[in-house]
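The next block holds one structure in the form of structure tokens; read it before the comments.
The values are calculated or read from the model by the stated rules, or taken from the named source; none is laboratory data. Since we're looking at a predicted model, the values are computed, not measured. All Cβ positions, glycine included, derive from the backbone under ideal geometry; neighbour counts span all protein chains shown. In case anyone asks, the SASA skips ligands and DNA or RNA and just uses the protein heavy atoms, side chains included. Shrake-Rupley method; radii C 1.70, N 1.55, O 1.52, S 1.80 Å.
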Amino acid sequence: MDLASKTGKHLQLKESFDRITKVHTFEMHIIKAKENYAGNYRCEVTYKDKFDSCSFDLEVKGWRCPSSEGQDDAGELDFSGLLKHREPKQEEVPEVDYEKIAFMYGITDLRGLLRRLKKTKKEEKKSEAFAKKLEPAYQVDKGGKIRLIVDLADPTVELKWYKNGQEIRPAPKYIFEHKGTQRIMVINNCQLNDDAAYSVVAGDEKSTTELFVKVLPVNIVKELEAVKTTVNERIELECEVSEEGAQVKWMKNGVEVPTGVRSRYRVKAEGTKHWLIIDDAMKEDTGTYSIMATGGTSESHVQVDLKPLKILQDLQDMKILLGKPLKLHCEILPINVPGRWYRNGQLIQPNDRISILHRANSVLHDAGDYTFVPEGYSQSLSAKVHIIDPPRVHLEALNAPDNTVTIVAGNKLRLEVPISGEPAPRVVWMKGERVILETGNRVRAETFTDHTSLTIDVAEREDTGNYKIVLQNEAGEDTASVKVKVVDIPDAPGSPLVPEVGGDWCSMTWDPPHYDGGSPILGYFIERKKKQSSRWMRLNFDLCKETTFEPKKMIEGVPYEVRIFAVNAIGVSKPSEPSKPFIPLAVTSEPTMLVVDDVTDTTVTMKWRPPDTIGAAGLDGYRVEYCIEGTDEWIVANKELTEKTRYTITGLTMEDKILVRVKAINAAGESPPRTTQHSILVKEVIEPPKIRIPRHLKQTYIRKVGEVVNLVVPFVGKPRPKVNWLKDGEAIEPSQVSIRNSDCDSIIFIRKAERKHSGKYKLTVQVEKHMDTALLDIQIVDLPGPPQCVRIEEVWGVNVALDWTPPKDSGNAPITGYTIQKADKKTMEWYTCLEHYHRTCITISELVVGNEYFFRVFSENMVGLSESATTTKDIAVIMKEGLQLKSPEYIDYDFTEAPKFTQPLVNICAIAGYNTTLNCSVRANPRPKVIWMKNKIIIVDDPRYRMFSNQGVCSLEIRKPSPFDGGMYTCKAINDLGEAQVDCKLEVKAQILVPGAEVQGLLFAH
């Protein structure tokens, strides 16, 4: 019965999952158990094509339920039919392991099989829907095919098949067939997960059955073989079975072999072969090993013996000095064999002084016979140890530091020094090469059983020196020295030296006095003075213990002198000779802003900024050093100092990683180094090319004929980009235009420009697959030609109307105007009537009556006037009075109009610190009033802005803009007829320098 449909107030099912151990837990809670809850329960788990189950019996105490037939799944829970009758206790019979027998025949769940068979024994009621129901149980071999057949009484009834309560859908594994009234379900390739309860439902009736999948027994194809080996060897037991992936059990002496993570046993399986592996065999591994499969078992005996003992190096008799380490050493095979050590037949136990590996600090009672007995062997190794006691001088009893005895001249000295040795040693006192006798007068030596003494009745300065004690006996010899000092005032120290100076300090050293007065120098007093002064000033009131000192608080650039006084326990010495004059000079501070400027496959270019602090010594130059990552050696890159703040390190190996440091050098020495924070990879980095077109080349570049054209177009890119120039889509003739390329720019040079040099020049910069292009428009202009034809259209009164056509050759530039001249036929002297005239027709007035005139016209462009002029072929005759010319009437044209911008403002991006100009053009009549605004605020009397207006062209110049000058600018034109305005956006870029690397960023202001 599926209990999932029976959950409620009496039964609750719960499932949980532990994410740490990854274990699913299934719980069933029975609330207020009743007598009919007793029986057998089973939990089935299915995952993909795998299946497993476990069973248990529930007994309700105090209730005995007789066996009854199973009930339908519907209705209240009733498990009384699942209870078994308790059999009366019978006599003990030998236990039979039925589960083991079932395992050998491929049955893995014997108890579950029996329970399921028992459930099938039910009396079938006569069915109205089924003419023939399913059999109570079916059995099929693993991998086989089974057919479940029912006969229907009514073939029109709808039929459904279920497995463990879950409906079965048609699939390649499940095939449904109809033959008359028969309904057949075929299960192909039966596996263990197909071992389940199946049911078929027709209308309100159901027929159930159990399907048992039998696993074929696994037979042993290759038996285990007996193994005989020695300790520390590897053991492999191999067996082959008849089926791949079969489950087997390894046993040792009838007990299952543990195969956990920490077990000495390892189990390996490949296909049908199985191995039991013991990597480091021990004697305890001896026994009978067996492997058990469902189709049989195989046994073999493993024998592990000790390896034969072989003495490679025996113990050696030793003779050792007292107090010296004692080490007994032997070598045997096999290695790592434990054993025990004995001295004079007594077991040696390890302690703080004795180790099984060695003995240290031997004493007299350590002598004796030593024996090593390997565990498990009858052999032993023996040796004798004899310890001797050489003579020894015990100077530590004097309690004198450094074995030095100090005495004031004129006092008596008696030194008693303990000695030891067996036999008693012979004692000799010596000073230099002179032996001190026991019969001496003022200085004598005496020897006793356990000590020796030296007596000086009246100490003199000549008694200062080292006194040597020599001990000799049969065991050896020992010597010791005692230093006797007769104290006095020390001599003056040597003249001090000043090896190093700083900005307001120096370091000074000196030699101790040649004679310290027989007493240790306690310290020194230091004095200094300015060279031009005679007043000495003491620098320390506490004694300086060392022979070095660092005076401070000096004035940089002023010469000083220093001197020293030595002090001992007796008093202060005379002053030393003054040092040579010295001038405090400070090294500079470390260089700043050390960054990588460029990297190639063999070079690294660094740049930096000067130190923040440079003292009176100035700055001589810089030294650049580098160190390959993984080493401690710093290599000097520049043999000579460089004054520049940029240097290229050459001769590097590609793919190396280096650290670079820079030092500033002056007369005071080297500054602290400035080192890169991260290592630099010596490998050229591909940088896509970028052409940086100068501002003046973004517009048409105009030059006059004959002038020099020299254009520099910078670009960036690594490695060195390939540069190509095209003119109007064709290659440039080297004879006409000179082109020079470098790593960072390309120069196009024309020594003498001609009009044929005009055109569109295309620059292409390429690095591998990356490419950038730029287009330059070069225009070479010349003087224009004269107008093509000048005609006299009409003459009336003192007026002449002229008309002409523009010149055929404009000089490659727009015609900006014309110059009209007149000449009297009598004199033929030319006078200018009008200059910079824009139209091609004009009326000349105020002519002299009765004269005859010629007229000529010059063309004009940005270069100048044409070299020649076109003269009228006809003569204009100014008639005398009496002749009236009726002038036609003309209606005056209204030229007034409201302001209108013919060229608007354009958005512009400027660089901080460089002047920029905003331009636009307006047409209006009468002349409009022009107002400039920033962010809707009128610009008035601001010295940073200059405003121009010339012939309708309006300009606003911003002097050295900053990021705060960015924003929205407006030009507004107003006259009596109306107003108009145009806007543009100005962005100001600022350069940002990031420490550690040179990066140009943009700061936008709006």
**OP:** Using only the alpha carbon atoms of region 781-827, find the Kirkwood hydrodynamic radius as the inverse mean reciprocal pair distance, in angstroms to one decimal.
**Re:** 12.7 Å
Subject >> Hydrodynamic radius (Kirkwood) for region 731-782, which is based on Cα pairs only, to one decimal in Å >> reply: 12.5 Å
Subject >> Within-13-Å neighbourhood charge of A667 [Cβ basis; K, R +1; D, E -1] >> reply: -4
Subject >> Sorted peptide list for 869-876, 195-202, 768-775, criterion being average Cβ within 10 angstrom, highest first >> reply: 195-202, 869-876, 768-775
Original post:
Probe 1.4 Å, all protein chains in place: accessible area of H178 in Å², nearest 10?
Top reply: 130 Å²
Original post:
Hey, which aspartates and glutamates would be in cross-link range of K769, C-alpha to C-alpha under 20 Å, not counting anything within fewer than 8 residues on its own chain?
Top reply: D601, E684, E687, D743, D745
Original post:
What's the local net charge at K972, with K and R +1, D and E -1, over the other residues with C-beta under 11 Å away?
Top reply: 0
**OP:** Filter the chymotrypsin sites (Phe, Trp or Tyr not before Pro) in region 503-603 down to the DSSP loop ones having no more than 11 other Cβ atoms within 10 Å, then list what survives.
**Re:** F541
Original post:
Cβ under 10 Å from Y289's Cβ, Y289 left aside: what net charge do those residues give with Lys, Arg +1 and Asp, Glu -1?
Top reply: -1
Original post:
Taking a threshold of 29 Å on the Cα-Cα distance, which of the pairs K552/K574; K283/K327; K222/K252 fall above it?
Top reply: K283/K327
**OP:** Bin width 5 Å, alpha-carbon pairs only: give the P(r) of region 806-897 as whole percents, running from 0 to the bin holding the largest distance.
**Re:** 3, 11, 19, 18, 15, 15, 11, 6, 2, 0
**OP:** With a point put 7 Å past each Cα toward its Cβ, work out how far N638 is from S481 in nm, to one decimal.
**Re:** 5.3 nm
Subject >> Using alpha carbons only: equivalent-ellipsoid semi-axes of region 115-261, gyration tensor based, whole Å >> reply: 48, 16, 12
Original post:
Ordering K160, K822 from largest to smallest accessible area (1.4 angstrom probe), what's the sequence?
Top reply: K160, K822
Subject >> Point-charge dipole on Cβ atoms (K/R +1, D/E -1) for the chain, about Cα centre, debye to 20 >> reply: 1700 debye
**OP:** At a Cα cut-off below 20 Å, give the lysines reachable from K324, other chains included and same-chain residues fewer than 8 away excluded.
**Re:** K384
**OP:** Calculate, in nm to one decimal, what R692 and F749 gain on full extension: separation in residues at 0.36 nm each, minus their alpha carbon distance.
**Re:** 18.7 nm
**OP:** Report the charge-dipole magnitude of region 764-913 in Debye, nearest 20, computed about the Cα centre from +1 at each Lys and Arg Cβ and -1 at each Asp and Glu Cβ.
**Re:** 260 debye
Subject >> Exposure ranking of T916, T406 by accessible area [1.4 Å probe, largest first] >> reply: T406, T916
Subject >> Rounded to the nearest 10 Å², the accessible area of S742 at probe 1.4 Å >> reply: 40 Å²
Original post:
Under a no-solvent Debye model with one identical scatterer per Cα of the chain, what's log10 I(q)/I(0) at q = 0.07 Å⁻¹?
Top reply: -1.01
Subject >> trypsin sites (Lys or Arg not before Pro) restricted to DSSP loop in region 677-721 with at most 16 other C-beta within 10 Å >> reply: K683, R692, K698
Original post:
Rounded to the nearest whole Å³, what is the per residue volume of the convex hull around the Cα atoms of region 629-713?
Top reply: 231 Å³
Subject >> Loop-resident sites, region 570-663, for trypsin sites (Lys or Arg not before Pro), counting at most 10 other Cβ within 10 Å (DSSP) >> reply: K639, K644
Original post:
Relative to the compact globular guide of 2.2 N^0.38 Å, what is the alpha carbon radius of gyration of region 572-623, as a ratio?
Top reply: 2.05
**OP:** Considering only protein heavy atoms, with the full assembly of protein chains and a 1.4 angstrom probe, order F895, F948 by accessible area, largest first.
**Re:** F895, F948
Subject >> Cα pair count fraction exceeding 21 Å, expressed as % - region 481-571 >> reply: 35 percent
Subject >> Solvent-accessible area per residue for the chain (1.4 angstrom probe, square angstrom) >> reply: 61 Å²
Original post:
Quick one: Debye curve from the C-alpha atoms of region 196-315, no solvent, what's log10 I(q)/I(0) at q = 0.13 Å⁻¹?
Top reply: -0.62
**OP:** Using only protein heavy atoms and a 1.4 Å probe, report how much of L659 is accessible, in Å² to the nearest 10.
**Re:** 50 Å²
**OP:** Please report, in cubic angstrom per residue, the volume enclosed by the convex hull of the alpha-carbon atoms of region 250-332.
**Re:** 174 Å³
Subject >> Largest to smallest principal axis extent of the C-alpha atoms in region 804-849, angstrom >> reply: 40, 18, 16
Original post:
When we measure straight from the Cα of K142, which lysines land under 17 angstrom away, once same-chain ones fewer than 8 places off are left out?
Top reply: K50, K173, K214
